[in-house]
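The values are calculated or read from the model by the stated rules, or taken from the named source; none is laboratory data. Everything quoted here is computed from the prediction, not taken from an experiment. Reconstructed Cβ throughout: ideal geometry from the backbone, glycine too, with neighbour counts over all protein chains shown.
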Amino acid sequence: EEKKSLNFLEQIVEEDLQSGKHGGRVLTRFPPEPNGYLHIGHAKSICLNFGLAAKYGGQTNLRFDDTNPEKEETEYVDSIKADVRWLGFEWAGEELYASNYFESLYQFAVTLIKKGLAYVDDQTSEQIASQKGNPNFPGEDSPYRYRTVEENLDLFSRMRAGEFGDGAKVLRAKIDMAHPNMHMRDPLMYRIKHAPHHRTGDTWCIYPMYDFAHGQSDSIEEITHSICTLEFDVHRPLYEWFIEKLGIYPSHQYEFARLNLTHTVMSKRKLLQLVNEGVVNGWDDPRMPTISALRRRGFTPASIRNFCEKIGVAKRDNLIDVGVLDYCVREDLNKLATRVMAVLDPIKVVITNYPNGEVEELQVENNPEDVNSGSRAVPFSREIYIEKDDFMEVPMKKFFRLGPGLMVRLKGAYIIKCDDFIKDEFGNITELHCSYIPESRSGSDTSGINVKGTIHWVSIQHAVKAEVRVYDRLLILEDASQVGDDFKKFINPDSLTVIPEVFVEPSLKEAKVGTNYQFMRKGYFCLDLDATEEHLVFNRTVGLKDTWVK
Ligand code: ATP
Ligand code: MG
Ligand code: MG
């Protein structure tokens, strides 16, 4: 087997293991904020963090970064846990929460105040922003920057006690208002927010900022490699400053390029807008790039993991064609999906020389890609449906299906010949009259007739009605990063096509959510969550070929 070269993170881990930097340990973490459902970008981060640790005998923590009380909900926590497990990963021990560390973080802040490295600022956020300067111009010191340690300790404890209203005061790190990195210009550590938290309730009315929570949480957990997306590289000096000044466990931050996909958006904030404004029917609407939507649409965990592996780990931002994701699911489903017959756009065929009332149970193989998949019985009778477009009144050249006088094989059944067709008063063809060749039954064909085409069919009296939902790209736009919040102007009007009535073979009455099928010649499908026993609903996961036209 070909040995793949290591990605840059694997190289770092191997060097660290060799030098003994973290005592030979590898502990990564996946740190979602529970303010939405996970999307395929998060899947990339999950595969990377869990995959890297597993490869080097380490483990991964699942830590909810829940420092922002207003947007966070338990519903999101539950969905995130379910999605990580569905992708095939198990975190070390119980799931963790940054909010578990609120008391420790508070004490870290007190430590920095005592060292003269943090101060309480009474200014408004506008005043603070106006003093920041810009990368080419130093900022101004706050008038509160030189408060005494005693005064800062007193004010900070009163902030915690709830004496002040939202926004009345903040705690800031005392670093350097002329620092070339804007994040080092006395960044905020704590803000006052009288808002109940999904886990700590009303215990706290001050909440740590991301920069004061993330690195310290990593350190408390003794994370060895803290992997995040590129936009955090400018936060790294601050991450290191806090750890150094506090003298706590030296976790290290590394950045990789976030995943961007064509024809979609990948921000929980934007996805939430689509949900709230009814553009889609929820977080798991199969058009969404969320894990729950992909699962509902019929994607397998392996297909998503393979996708994340295939696109690799980049150090520069890039845009991946969503066709690569489709390719990965097709490749996986080709191996495992049961082949069944479903006619999406039917025309009736009467096999005139087949005995009226007779029914044959034909054995049709479940999956030619899997020798162990066996076969199932499919009933055949005198009247069947085939796809309308498998017949042409005036066949073009090389049309190897049905037309006047043409022969075709019915999958798993007989060769039939088209003798006649019937039109209604508007000139639409409503019915075909065919004759079958009794000696041509699949598996015991002695007819000696060679036909080039094979088509799928269902027996009308046995067919089951179903609804089919076909999905297309969510946005007509390839690169949504160009349009910011205008992305909603580019929703693909054809992102969902509902076919209210198709005819499927009777075995699909037993279809289960979570099983993948190939509707022969039509694509990969799965039962939707909306299906009931009386009303089957199938989602098209993906077509058999890439048909998107740019
Ligand atoms: P969003 O903007 O969608 O809310 P986020 O980064 O704010 O994304 P978090 O819940 O904070 O969402 O993300 C958890 C982890 O997943 C972080 O480590 C983050 O860097 C990573 N992540 C988020 N989006 C992507 C992406 N598109 N590609 C790779 N990793 C991502
Ligand atoms: Mg985040
Ligand atoms: Mg976010």
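Assorted remarks:
- Leading residue by the ranking (farthest from Asp166 (Cα to Cα)) among those in the range 62-91 that are touching a Ser or Thr at 6+ places or on another chain (Cβ under 8 Å) and part of a strand (DSSP E or B): Arg63
- The range 447-470 residues that are farther than 25 Å from Leu496 by Cβ, paired with ones that are polar (S, T, N, Q) and buried (at least 17 other Cβ atoms within 10 Å of the Cβ) (beta carbon under 8 Å, 6 or more apart): Ser447/Ser440; Ile449/Ser440; Ser459/Ser381; Ile460/Ser381; Gln461/Ser381; His462/Ser381
- Residues (within 16 Å of ligand 1 (Cβ to nearest atom) and not in a helix (DSSP H, G or I)) located in the range 1-27: Asn7, Leu27
- Of all residues in the range 228-254 being touching an Asp or Glu at 6+ places or on another chain (Cβ under 6 Å) and more than 16 Å from ligand 3 (Cβ to nearest atom), the one that is farthest from Leu475 (Cα to Cα): Tyr249
- Matching residues in the range 521-535 - criterion: being assigned to a strand (DSSP E or B) and touching a residue at least 60 places away in the same chain (Cβ under 8 Å): Tyr524, Phe525, Cys526
- Conditions (1) within 16 Å of ligand 2 (Cβ to nearest atom); (2) assigned by TED's automatic domain parsing to the domain that holds Gln482; (3) in contact with a strand residue (DSSP E or B) (Cβ under 8 Å, 6 or more places away or on another chain); number of the one not met by Arg236: (2)
- Residue list for the range 117-166, filter: acidic (Asp, Glu) and surrounded by 18 or more Cβ atoms within 10 Å (Cβ to Cβ): Asp121
- Boolean, Arg147 is without any contact (Cβ under 8 Å) to a residue 40 or more places away in the chain and touching a Phe, Trp or Tyr at 6+ places or on another chain (Cβ under 8 Å): yes
- Positions within the range 28-72 being of a type in the set (Ser, Thr, Tyr) and either touching a residue at least 40 places away in the same chain (Cβ under 8 Å) or within 10 Å of ligand 1 (Cβ to nearest atom) (or both), in sequence order: Thr28, Tyr37, Ser45, Tyr56, Thr67
- Applying the condition of being over 16 Å from the mean Cα position of the chain (by Cα) and of a type in the set (Val, Ile, Thr) to the range 14-42 and asking which residue is farthest from ligand 2 (Cβ to nearest atom) yields Val26.
- For Tyr146: the one exception among (1) in a loop (DSSP other than H, G, I, E, B); (2) under 24 Å from Gly247 (Cβ atoms): (2)
- Residue selected from the range 34-59 under the condition within 16 Å of ligand 3 (Cβ to nearest atom) and in a helix (DSSP H, G or I), by the criterion farthest from Asp218 (Cα to Cα): Ile40
- Per-region count, the range 464-520, residues in a loop (DSSP other than H, G, I, E, B), closer than 27 Å to His535 by Cβ and not charged (D, E, K, R): 9
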